[in-house]
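Chemist: Structure below; questions to follow.
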Amino acid sequence: MSVTTENLAPLPSGPVRSSMRRQGILFIISAPSGTGKTTLCKQVVANIPDLWHSISCTTRKPRPGEEHGREYFFTEEATFQGMIDRHEFAEWARVYGHLYGTPRKSLTDKLDQGIDVLLEIDVQGALQVKKKFDDAVSIFIVPPSMTALRTRLQARASDSSEEIQRRLQKVTEEVWHYREYAYIVRNDDLGRSLRELENIFLAERLKTARMDTAWIEANFLLTDESKSGDRRDHP
Ligand code: ADP
Ligand code: 5GP
């Protein structure tokens, strides 16, 4: 007999969850600008299968090498405002003088399809998302020092010195929020930080509560007796 929702008797511990479609896991990554989160996130998405990197909208201008629809949807302020008014963002915030937002529909569609989603967003956005999705997994990436951060922002050579100054001025305010994140990764050695991040993603996927356990039930628990509803052998 094949295993279907209809022919599964509930286990002693409660209703059988495995018959439900697995909901995707929502991962949030934040870090002060220049820490290396984009570098790390690109690698994580390349290395971890079935993880979708959400693409945000922003009113910031593209940096050299950035493409509309790849790094961001580059959007005019009026268009962005219209999207706010129509509640098209799961969260949005003004960061370093520009507007950034996570499109809501693509995010919820992926989660409903059981696909894990990665949001690379600032602290204000992370706090909004945590309120709406209480089982989201939040990770804060910290640079090894202020000096290293300044060096990275300058070496990236993508922002003017005024813009770099503006980003450095926000670091303390952002780092104050580290306790609101479930995990902290120090991005000193890139390879080690990447391994640490990947371990978080993999461990979260292995949590019992998140897993599709139908195969355990089908292989070990659905004996002929349990299928016929006889549960006397179970505690
Ligand atoms: P963010 O997305 O956090 O603003 P980026 O990923 O753009 O930061 O990285 C900023 C700069 O720092 C880039 O030039 C990147 O190559 C460099 N970088 C990232 N991680 C490290 C690291 N662990 N050690 C040294 N440089 C790094
Ligand atoms: P950057 O201009 O360096 O690409 O990003 C600046 C900051 O905006 C980073 O902290 C980045 O994580 C954040 N950010 C990017 N997309 C979003 C978003 O959709 N929402 C929010 N709240 N922040 C975002």
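Chemist: Exactly one condition in (1) open to solvent by less than 20 Å² (accessible area, probe 1.4 Å); (2) at pLDDT below 95 is false for residue 96; which is it?
Modeler: (1)
Chemist: If you check every pair at least six apart or on different chains, which have Cβ atoms under 9 Å apart with a residue in segment 161-178 that is more than 14 Å from residue 35 (Cα to Cα) and open to solvent by less than 50 Å² (accessible area, probe 1.4 Å) first and a residue that is assigned to a helix (DSSP H, G or I) and within 11 Å of ligand 2 (Cβ to nearest atom) second?
Modeler: 163/153
Chemist: Consider segment 179-212. How many of its residues are part of a loop (DSSP other than H, G, I, E, B) and buried (at least 17 other Cβ atoms within 10 Å of the Cβ)? Before the answer, list the steps.
Modeler: Applying the first criterion (part of a loop (DSSP other than H, G, I, E, B)) to segment 179-212 yields 181-182, 187-189, 206-207, 211-212.
Filter again for buried (at least 17 other Cβ atoms within 10 Å of the Cβ), leaving 181, 187.
Residues meeting the conditions: 2.
Chemist: Next up: Determine if segment 25-40 includes at least one residue that is among the basic types (Lys, Arg) and buried (at least 20 other Cβ atoms within 10 Å of the Cβ).
Modeler: yes
Chemist: OK, next. With segment 87-169 as the region, which strands (runs of 3 or more DSSP E) entirely inside it contain at least 3 residues that are within 14 Å of ligand 1 (Cβ to nearest atom) and closer than 23 Å to residue 44 by Cα?
Modeler: Working: elements: 89-95, 98-103, 116-120, 137-142.
Here the list reads 116-120, 137-142.
Chemist: Only residues that are in contact (Cβ under 8 Å) with a residue 24 or more places away in the chain and among the small types (Gly, Ala, Ser): list them for segment 55-75, please.
Modeler: Result: 56, single match.
Chemist: May I ask you to list the residues in segment 99-129 that are farther than 20 Å from residue 70 by Cβ, more than 12 Å from ligand 2 (Cβ to nearest atom) and open to solvent by 30 Å² or more (accessible area, probe 1.4 Å)?
Modeler: Listed by number, the residues that qualify are 108, 112, 113.
Chemist: Could you please find all residues in segment 76-93 being in contact with a helix residue (DSSP H, G or I) (Cβ under 8 Å, 6 or more places away or on another chain), open to solvent by 20 Å² or more (accessible area, probe 1.4 Å) and closer than 19 Å to residue 122 by Cβ?
Modeler: Those that are in contact with a helix residue (DSSP H, G or I) (Cβ under 8 Å, 6 or more places away or on another chain), open to solvent by 20 Å² or more (accessible area, probe 1.4 Å) and closer than 19 Å to residue 122 by Cβ: 88, 92.
Chemist: Anything in segment 176-195 that is more than 15 Å from residue 28 (Cα to Cα) and either within 16 Å of the chain's Cα centre (by Cα) or within 13 Å of ligand 1 (Cβ to nearest atom) (or both)? List them, or say none.
Modeler: Keep residues of segment 176-195 that are more than 15 Å from residue 28 (Cα to Cα), which gives 176, 186-195.
Within segment 176-195, 186, 187, 188, 189, 190, 191, 192, 193, 194, 195 meet the criteria.
The values are calculated or read from the model by the stated rules, or taken from the named source; none is laboratory data. Please read all numbers here as calculations on a predicted model, not as lab measurements. As a convention, Cβ positions derive from the backbone with ideal geometry for all residues, glycine included, and neighbour counts pool all protein chains shown. Note: areas computed on protein heavy atoms with side chains; ligands, DNA, RNA excluded. Shrake-Rupley method; radii C 1.70, N 1.55, O 1.52, S 1.80 Å.
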